[in-house]
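Here's the structure, in structure tokens; my notes come after.
A short reminder: the numbers here are calculations on the coordinates, not readings from a lab. Computed from a predicted model, the values in this text were never measured in an experiment. For neighbour counting, all protein chains shown are included, and Cβ atoms are generated from backbone atoms with ideal geometry for every residue, glycine included.
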């Protein structure tokens, strides 16, 4: 049978990471190869075209398009300030005057004869691109992108909301299996913090943390109600990152009541008090992206090997489907022939031993390397 | 490059989906063309591999291993050439693709039910997913349309509006909205967004002037030259060309994949649509085909219009699917609608969490019967919602027959629904949840429930999801595609017999009798779903005789109706539930009974 990679979320204390930071259009790169950058450092910038505002002159004057065109007092390419006259109409022997003013300062992009509309473009706006990953600039690609390299700690989650943010890691006083409540959120010192700990935070806990200035929150699991309350709507497709939320949230295990894994805690605890980046953006298909927490690492470099990415006896897996959802187990055997499972379907299976000692047969599609 | 079908003996075809790449080997045997072997591997367009040909080669390797036929070599292209009487090599490689989320389009028109709708049909017919539709009369303010357009990242924009000789003002307005929103292309952010203008030709110059600065503009003939006529072909061609040159060229590894085949890669839905159309045309049937995938649900149909001409329609319910967008089905249908199909109780939170976990781990599969039934319940809702979407867009257009004074001044066209389940001959189910259901009866019941079928309908599934492969094969060898479609692709499950009556009617006793080849085999009981097993397979004439004059089985109230069907593993599914399907407070007990009647409940 052809080879298939078993899904795995990366959780590593020290791994060589390369991140390409790209401007949406050509701009200016502000760093040179070899430069050491911090996560919140601006490494590139570009000037984006201002927004175009459509002014419906004909409608505002209550005339046809040709009449509006005749009333225009500006032409394409001219600069206007907010309040400047765009069009003027005199009627009843000049006794009545109707005018249309520019709603903004900008440049006249077009005047359309067939509609009697004017398009006014606001001045260019600056887009600043931060490094996000603190490290060394490995490459600069013309006026578009910077590649940053670092030995970094990385914790990938399974789902998140909110975009890139930079903050300082701070653990919550909560056990890995404990639900994070409002009482677990400290009253002080959360400005710019990336919090982590526990599971299934209540909506009140998330809101309290966000109001106190926390910029990120990493936890094991999330309840559907809490997610809906925090984002403000139901998420129907796992494509996130653009939500207008005050604090990015990263979930490491899934939905429901699941404990934060020992492995994640082992990797994140040493980051206490250190600057880190968090990104809740998730895209499960067509260019898969998982949410993450990143920080510069100081430990021993661990490069993932091919064997560590494939299912084999002895490795630890996370079971990702009922009735064993969220449990950890050790692989014992990989039967080569598809077998019939309880649903009646045939699937390639793996025999694992749960932490309780029970041996079970599960579809290979229902395990993740842990 | 012209391909001589007569010279072909062995054809290898892939479909590169978002999740998996499936390779099928088609061979000319003494028995005719057959699908002989199949290989599958994860699609590798994403990091860390980011080269679609890697996954394709894995799939080919599996075909090679299973068939014992040497197909691959180390040089480019990687195929051993076939030769007469040789047990090695292939004669032709073909492919379809929906990887990277498929072709995503924004359509814009002037009137939602006229030009914007025609644009949507053009896009869907070309195999695209319409991620947003904008029209001058959609009721939104300028800033709302602009905001919405900014959120989407289309591959291509199709702009239409205004019949020939008509006003140019409104379509120019829509162009102004587009330039104000300045949508960014999904791929190749340094390049201009491809925009196809297929509206009133008198506005083309002004549209070009407005859009020229930010778009790569193509101008094609109007999709709606008159109120009562559509001309979708040129726009579809332009979409296909841009699909290849713009979308495919930016997908990692597709350049190499393209070089392996003398035939252009087809979008998967376009290929499925082609084979459905051809089959309907060859058999003279009305067909409803659904492909329910992980992220989208495609519905294809061929129904006659009022002039009796078969009309093909395709819709994509983007964001209705069984994994990536399963939570969207939950959001649109609601927990109550999903739970009503289950033969057991489940609380809302548990249901929601299971589906959200499936969304974020889309390649996992149900491991328990209960979990399987939950997914199959979601499938029913996805089918129901997708059909509703399909019905709304699958309309015929004709000039108003009775032209009064108002019609003359209004120049209106009449729209009417094409989908008529009573006239439906065959439904074909495709996609993992249907094709790979552990029991064929489960697949039959999902389609019966999801579509709320009526009358007498043949039920079939695509055995291993080979319709895309056959669609692209049909472009070079229609005869081979048809042979394989009928012999290896379609699995006939049986037929559904559904007498239609109003739930308010007090009908006692059975609703109808069912006869097969002149022998009475069973009755349809009110409120019950049962299966009549005749012990036969193959072609048979099913005749249904209503036992009440208000019951319609397809030939009008009280009138008997018959159809020739192909019987299969599921026999004749007799559905005595009224239409529309109403499952009330006792639905768990009702569903338990249905499942037990059909042998679907597990032995505890």
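Extension gain residue B:208-residue B:75, at 0.36 nm per residue separation less the Cα-Cα distance, in nm?
Residue separation times 0.36 nm, minus the Cα-Cα distance, leaves 43.3 nm.
Take every Cα pair under 8 Å in chain A that's 6+ residues apart, average their separations, divide by the length, and report that relative contact order as a whole percent. Let's see the in-between values first.
Details: 946 pairs, mean separation 66.6, N = 370.
Contact order relative to length: 18 percent.
Relative to a virtual label point 7 Å from the Cα of residue A:124 in the Cα→beta-carbon direction, which members of the stretch A:28-59 show backbone nitrogen distances below 12 Å?
From the stretch A:28-59, the list is A:28, A:45-50.
DSSP beta bridges in the stretch B:475-604, what fraction antiparallel, as a percent rounded to 5?
If we restrict to bridges inside the stretch B:475-604, about 90 percent are antiparallel.
What length, rounded to one decimal in nm, is gained on full extension from residue B:2 through to residue B:184, with 0.36 nm per residue of separation minus their alpha-carbon distance?
Result: 61.7 nm gained on full extension.
For A:274, B:358, what ranking results if the residue with the fewest other Cβ atoms within 10 Å of its Cβ goes first?
The most exposed by this proxy come first: A:274, B:358.
Report the Cα centroid-to-centroid distance between the stretch A:111-140 and the stretch B:131-185 in angstrom, as an integer.
The two parts, judged by their Cα centres, are 21 Å apart.
Going by the alpha-carbon gyration tensor, a ≥ b ≥ c the square roots of its eigenvalues, is the stretch B:68-115 rounded (a/c under 1.5) or, if a/c is not under 1.5, prolate (a/b greater than b/c) versus oblate?
Note, shape of the stretch B:68-115 comes out prolate.
How high is the FRET efficiency between residue A:105 and residue A:175 when r is their beta carbon distance and R₀ equals 51 Å, given to the nearest 0.05?
After rounding, the FRET efficiency stands at 0.35.
Using only atoms on other chains, find how many Cβ atoms lie within 10 Å of each Cβ of peptide B:313-325 and report the average.
Numbers: counts 0, 0, 0, 0, 0, 1, 3, 1, 2, 0, 3, 8, 6.
Mean partner shielding for this stretch: 2.
Compare A:208, A:81, A:124 in a GNM of chain A, Cα atoms joined below 10 Å, and give the one with the largest fluctuation.
For chain A, modelled as a Gaussian network with Cα springs under 10 Å, the answer is A:81.
Rounded to the nearest Å, what's the spacing between the alpha carbon centres of the stretch A:193-259 and the stretch B:290-352? Just the number, please.
Value for the Cα centre distance between the two parts: 29 Å.
Please rank B:66, B:103, A:271, fewest neighbouring Cβ atoms within 10 Å first, as an exposure proxy.
Ranking B:66, B:103, A:271 by Cβ neighbours within 10 Å, fewest first, gives B:66, A:271, B:103.
Given contacts defined as C-alpha pairs under 8 Å and at least six residues apart, what's the relative contact order of chain B, whole-number percent?
RCO, chain B: 11 percent.
Classify chain B as rounded, prolate or oblate from the Cα gyration tensor: take a ≥ b ≥ c as the square roots of its eigenvalues, call it rounded if a/c is under 1.5, otherwise prolate when a/b beats b/c and oblate if not.
Oblate is the answer for chain B, as a/c is 1.5 or above yet b/c matches or exceeds a/b.
Most fluctuating residue of A:258, A:334, A:227 in a GNM of chain A with Cα springs under 10 Å: which is it?
Most flexible of the set in this elastic network: A:334.
Report, for chain B, the % of DSSP beta bridges that are antiparallel, rounded to 5. Don't skip to the end; give the middle numbers.
Working: 70 of 110 bridges.
Around 65 percent of the beta bridges assigned by DSSP in chain B are antiparallel ones.
Mean separation of Cα pairs under 8 Å and 6+ residues apart, divided by the residue count of the stretch B:54-170: what relative contact order is that in percent?
Computed over the stretch B:54-170, the figure is 22 percent.
Rounded to the nearest 0.05, what FRET efficiency do residue B:305 and residue B:245 give with R0 = 35 Å and r taken as the Cβ-Cβ distance? Could you check?
E(calc), rounded to 0.05, equals 0.55.
How would you classify the stretch B:14-121 from its alpha-carbon gyration tensor, with a ≥ b ≥ c the square roots of the eigenvalues: rounded for a/c under 1.5, else prolate if a/b is greater than b/c, otherwise oblate?
Prolate, because a/c is 1.5 or more and a/b exceeds b/c.
In what sequence, highest mean first, do A:339-349, A:315-325 appear when ranked by Cβ atoms within 10 angstrom?
A:315-325, A:339-349
Which distance in nm do the two modelled labels at residue B:264 and residue B:151 give, with both placed 7 Å along the Cα-to-Cβ direction?
Placing both labels 7 Å beyond Cα along the Cβ direction yields 3.3 nm.
How many angstrom lie between the Cα centre of the stretch A:331-370 and the Cα centre of the stretch B:24-66?
Cα centroid of the stretch A:331-370 versus Cα centroid of the stretch B:24-66: 25 Å apart.
For the residue pair residue B:144 and residue A:67, what label-to-label distance in nm results when each label sits 7 Å from Cα along the Cα-to-beta-carbon direction?
Simple spin-label model gives 2.8 nm for this pair.
Give me the extension gain from residue B:557 to residue B:517: residue separation times 0.36 nm, minus the current Cα-Cα distance, reported in nm with one decimal.
That works out to 12.1 nm of additional length.
Give me A:90, B:384 sorted ascending by neighbouring Cβ count inside 10 Å, so fewest comes first.
Fewest-to-most Cβ neighbours within 10 Å comes out as A:90, B:384.
Under a point spin-label approximation (7 Å from Cα along Cα-to-Cβ), what is the residue A:49-residue A:242 distance to one decimal in nm?
1.8 nm
Considering only the protein assembly as shown, what is the antiparallel percent among its DSSP beta bridges, to the nearest 5?
75 percent
Which one of A:170, A:19, A:121 has the biggest mean-square fluctuation once chain A is modelled by GNM with Cα springs under 10 Å?
A:121
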